[in-house]
Structures are given as structure tokens and as C-alpha cells.
Amino acid sequence: MGDEQKPKILCISTYEKGQAFLREAARLGCAVTLLTVDKLGSGDWPWESLAGFDTMPEKLTAEQALLRVTRLEKHNDFQRIIALDEFDLETAALAREHLQLAGMGQTATRNFRDKLAMRGAARRGGVAVPDFFSVANHHELWKFMQRTQGPWLLKPRWSASAIGIQKIEQESDVWPHLERLGDEASDHLLERFVPGDIYHVEGVSWKGEVLFAGAHKYGKPPMQTMHQGGVFTTRTLDRVGEEAIALREIHARTLKALGMTNGVTHSEFIRSYADGKFYFLETAARVGGAFIAEVAEAASDINPWVEWARIEVALLLGEEYTLPPLREEYAGSVICLAKQEEPDTSAYDAPEVVYRMHKHHHAGLIVQSPSAERVQGLLEEYGERFLNDFYARMEPPDKPTS
């Protein structure tokens, strides 16, 4: 079948990611067009899988990017539009509504993009969340701070990961922060800081049912790693352990409350040191970054990128989607910014090492084992060694960069 007869998918990504999605969608018979930014025009894309390719300037608004999408639509009949990165979700949602295509529109997308909206929806659905409040009205915000105990976190509503988050100890310090933000202040929320361990669940959903929920635990919290430095680690939890069982339960309730029907999700939760309970932190209708997809695949044979592509093609063709058989092993990753341009990890020679990162000024590897305890032990050992052998620190960005 020629490309003209194939069903057509437009993928938008302003970051270099999602290659496995592109390959799988093409393998399943779709003509895939990729829209990315100019500086990634020569990126590491699976060119053999692309029927079309175009670029646009960086930092366009969703409305500006829509113009490029509609130009591509003139000579294509796209049936699906997919955002491969979190920062492209608004563009894809706007384009779907503008072109009247299936998929999440702007309102549905907001629950997986806007940190204030997702917290409100989760709380209305009976999911525990740390106390939070909009900063739009100062009098109501003041009353919120009177009835909660600091410190608090000032969080950008539209950012990702821990980018732009500021910890504020005193009520009197909140107002200068908001003053500096000016008209952008209402794009933030204030949340009571809850000390605890951070977890994430990689989800695959079909017709409103969670088919896969891979529960993992970070080493240091991502916010601490980003703002204070250190080595990033994450690992699969013991599937029959108390933590994993509790996480799968709150994860399912969260996705139901937020309205997830079909696709993949990356959701984060915190277990409070004070009361031992799990609280929802945030979610995104995308694949987790920092090689989390590869960790999930090493542990379960489920690559979220690949399953996401299969779901989108099934929806496009009106077919059923079924999750492939799972492998029940365990995996984890250790990653850091490296002082060496091309760090050599060959001294990390445990037989459980199944993947080594090849990226300038980054050191990283993935381990796999039938034993959750073995994975945890390797990450603890390798994390300490990474600090001595490779670790370099860079000041965290205030805003995302591609």
C-alpha cells in the first residue's frame, strides 16, 4: 500500500523523543508525519519510518503552531494527531478541535497538563492530595496559608517534572515571589510541602480500564535531584509488596477521576513520612522521561511508547487493543550528568547490566534481575560510585529547554 492509501498520523514533538512510537506506528501500516522544531531537523529520528517531516521555530504558542499544522493538513488527511511530549499537548488538543479529529480536546487535556486542574479533579474524585490552592486571589490565598502549616511549594501550573518549583518557608516570603511573577503569577499554585518518598506509576489504559500499572520508586525525589544535585535512580517495586499494591489502587482511582480513557500515563505519588499515606502529586498523558520507558520494558516487556502507538492505531482502525504478555522481572536505572564528554561505564560490569546510555556528558545504565532486592542493591552501590566517577552539577532551569 502506498503512503497515499495508508491512514495518516501527525506526531508533534519539540523534544527528541518518541522514536519507538514512530517506528511502531509505521510498522502497523500508518503514514507517519513528524513535526518538530528547527534545531532538531537533523535529529536522531527513524527516517525510514517517516512518510513526512517538517520543522517549525521554537517556543511557538499553541495558536502559532496550529498554523503549521493546518498547512500540513492541506496536502494530508490526518486522522490522528499525537503529542509525543508534554509541552506539545496543548498544540495537539487545539489542532484536534480545530480539525475536528478524534482524541482529547483542550478541556480533557487540561487534567493531564494543568497542575491545578488535575489536583482539583483528583480531589473531587476522592483521591488524597496535599493541601493546595490557586494564587489568583490573594485574600483567599492568605486564608489558605492561615489554615495550613508551611513550608509550601510554589509550582508552575504548566511546567513538567520539578522545573520552576520553589520552596517557601515563611508566609511573608510568598508575596515577593508573586510580585516578581507579575501577570504570570496566576499560572502557579501553592501547595503544602509534604516530606516523603516519591513514586511513579507507568500506566496503559484502554476504554477506561487500566491494563498495566508499573509501580516504581525514585531514589532521591526528582525535585531534590534537580535543585540540589545528585544521581537519579528509579526501580521497579516488588509487585506483591504493600507499596506496589497501594500504588496501583490510588493510581486507578486517579486516572478514573481525571477521565483517562485510552493511552499511556506517567503519574507521580508521595508517601508521607508523617502518616504513611500515599498522596497524588501529578500525572501526564505521555511516556515518562529519563529512560523510564526502557526500565519498564526491561522489567515487564512492556514499552509504553510501543503500546501507545498500538493503541492509537487500534483507535484509528476501529480495532481492539490487547496488552501483550507480561514478564515479571525487576529493573532500575542510575543516571547523572557527567563531567566527562563520553563517560566510560565499562567498570560497572555486573551481569545484570542490560543497557548503557550513550549521550554526551551523561552517564547512565539499566539493570535487570528476577530479584527486586538485587536491583535495589545494585542501584545503591552504583549510585554511590557514579557520584565519585562521573557526577557533575548544572543549575536547574527556570523554564524547560528542548
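Going by the conditions given, is residue 320 part of a loop (DSSP other than H, G, I, E, B) and either under 30 Å from residue 60 (Cα atoms) or open to solvent by 50 Å² or more (accessible area, probe 1.4 Å) (or both)?
Yes; evaluated as a whole, the condition is true for this residue.
Quick grid of which residues meet (1) of a type outside the set (D, E, K, R); (2) within 28 Å of the chain's Cα centre (by Cα):
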{"residue": "137", "(1), (2)": "yes, no"}
{"residue": "141", "(1), (2)": "yes, no"}
{"residue": "144", "(1), (2)": "yes, no"}
{"residue": "150", "(1), (2)": "yes, yes"}
{"residue": "153", "(1), (2)": "yes, yes"}
{"residue": "157", "(1), (2)": "no, yes"}
{"residue": "167", "(1), (2)": "no, yes"}
{"residue": "184", "(1), (2)": "no, yes"}
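Taking region 301-317 as the range and being not in a loop (DSSP other than H, G, I, E, B) and not small (Gly, Ala, Ser) as the test, the residues that pass are 304, 305, 306, 307, 308, 310, 311, 312, 313, 315, 316, 317. No other residue among 45, 142, 158 is at pLDDT 95 or above and assigned to a loop (DSSP other than H, G, I, E, B) apart from 45.
When region 183-206 is filtered for residues that are among the small types (Gly, Ala, Ser) and touching a residue at least 60 places away in the same chain (Cβ under 8 Å), the ones remaining, listed by number, are 196, 203, 205.
No other residue among 286, 310 is in contact with a helix residue (DSSP H, G or I) (Cβ under 7 Å, 6 or more places away or on another chain), surrounded by 19 or more Cβ atoms within 10 Å (Cβ to Cβ) and farther than 30 Å from residue 128 by Cα apart from 310.
When the test is whether a residue is surrounded by 20 or more Cβ atoms within 10 Å (Cβ to Cβ) and in contact with a helix residue (DSSP H, G or I) (Cβ under 6 Å, 6 or more places away or on another chain), residue 96 does not pass it. Within region 325-354, residues that are open to solvent by 70 Å² or more (accessible area, probe 1.4 Å) reach partners that are β-branched (Val, Ile, Thr) with beta carbons closer than 6 Å, at six or more positions or on different chains, in the pairs 354/366.
Pairing each residue of region 126-141 that is over 17 Å from residue 257 (Cβ atoms) and in contact (Cβ under 8 Å) with a residue 12 or more places away in the chain with any residue that is small (Gly, Ala, Ser) and open to solvent by 20 Å² or more (accessible area, probe 1.4 Å), provided the two are 6+ apart or on different chains, yields C-beta distances under 6 Å for 136/186.
The lone criterion from (1) part of a strand (DSSP E or B); (2) farther than 18 Å from residue 293 by Cβ left unmet by residue 101 is number (1). Across region 162-196, what is the number of residues that are out of contact with any helix residue (DSSP H, G or I) (no Cβ under 6 Å at 6 or more places or on another chain) and under 18 Å from residue 288 (Cα atoms)? Result for region 162-196: 1.
Among the listed residues 204, 210, 194, 264, which satisfies the condition of being at pLDDT 95 or above and either basic (Lys, Arg) or part of a loop (DSSP other than H, G, I, E, B) (or both)?
194
Each row is one residue, and each column tells you yes or no for (1) over 23 Å from the mean Cα position of the chain (by Cα); (2) of a type outside the set (Phe, Trp, Tyr); (3) under 22 Å from residue 378 (Cα atoms).
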position	(1), (2), (3)
313	no, yes, no
318	yes, yes, no
346	yes, yes, yes
352	yes, yes, yes
362	no, yes, yes
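Quick one: which residue in 87, 112, 78 is aromatic (Phe, Trp, Tyr), touching a residue at least 12 places away in the same chain (Cβ under 8 Å) and within 17 Å of residue 261 (Cα to Cα)? Going through 87, 112, 78 in turn, the sole match is 112. Output the qualifying pairs, or none if there are none: Cβ atoms under 9 angstrom, residues six or more apart or on different chains, first residue in region 249-269 and on the phi > 0 side of the Ramachandran plot, second residue in a helix (DSSP H, G or I) and open to solvent by less than 30 Å² (accessible area, probe 1.4 Å). The qualifying pairs are 259/121; 263/308; 263/311; 263/312. For residue 61, state whether it is within 22 Å of residue 108 (Cβ to Cβ), free of Cβ contacts under 8 Å to residues at least 40 places away in the same chain and open to solvent by 60 Å² or more (accessible area, probe 1.4 Å). So residue 61 fits the description; yes.
Of the residues making up region 211-243, those that are open to solvent by less than 30 Å² (accessible area, probe 1.4 Å) and among the aliphatic types (A, V, I, L, M) are 213, 215, 231, 237. Whether a residue is in a helix (DSSP H, G or I) and crowded, with 16+ Cβ neighbours inside 10 Å was assessed, and residue 51 does not pass this test.
Go through region 203-245 and report how many residues are among the hydroxyl-bearing types (Ser, Thr, Tyr) and farther than 19 Å from residue 291 by Cα.
Qualifying residue count, region 203-245: 1.
The values are calculated or read from the model by the stated rules, or taken from the named source; none is laboratory data. Keep in mind it's a predicted model, so treat the numbers as computed, not measured. With ideal geometry, Cβ positions are generated from the backbone for all residues, glycine too; neighbour counts draw on all protein chains shown. Heads up: the accessible areas ignore ligands, DNA and RNA and are worked out on the full protein's heavy atoms, side chains in. Shrake-Rupley method; radii C 1.70, N 1.55, O 1.52, S 1.80 Å.
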